[in-house]
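Report on one structure; see the data block that follows.
The values are calculated or read from the model by the stated rules, or taken from the named source; none is laboratory data. Quick caveat, the model's predicted, so the values are computed rather than measured. All Cβ positions, glycine included, derive from the backbone under ideal geometry; neighbour counts span all protein chains shown. Accessible surface areas use protein heavy atoms only, side chains included; no ligands, DNA or RNA. Shrake-Rupley method; radii C 1.70, N 1.55, O 1.52, S 1.80 Å.
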Amino acid sequence: ENEVIGREEITTPAGTFKCYVLKQTITSSLMGMAGMTMTTKSWYCRSVGVVKSETMMGNHLMHREELVTFKTKKR
């Protein structure tokens, strides 16, 4: 399941970005065991891409990524 859950301005080491906040939920089961649910929240800036992402399993942070540098192309 994927959805846009809002808009936020966030700051990373690469700068401050106006972002759409996206949420992706994945549930899987292994050999008939109860399903495990992982939720990824991503901050997407139109002119840049994903500037931050966090993946949680329950209340436990499993993975975090954050943009640390960014250069614009000169035209």
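What the table below lists for this structure:
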quantity	calculated
Radius 14 Å from Cβ of A14, net charge of other residues (Lys, Arg +1; Asp, Glu -1)	0
Computed over the chain, the ratio Rg/Rh where both radii use C-alpha atoms and Rh is Kirkwood	1.09
Heavy-atom accessible surface of the chain: percent carbon and sulfur, 1.4 Å	52
Highest to lowest packing among 5-12, 41-48, 57-64, scored as the average C-beta count within 10 Å	41-48, 5-12, 57-64
Per residue accessible area of the chain, 1.4 Å probe, in Å²	81
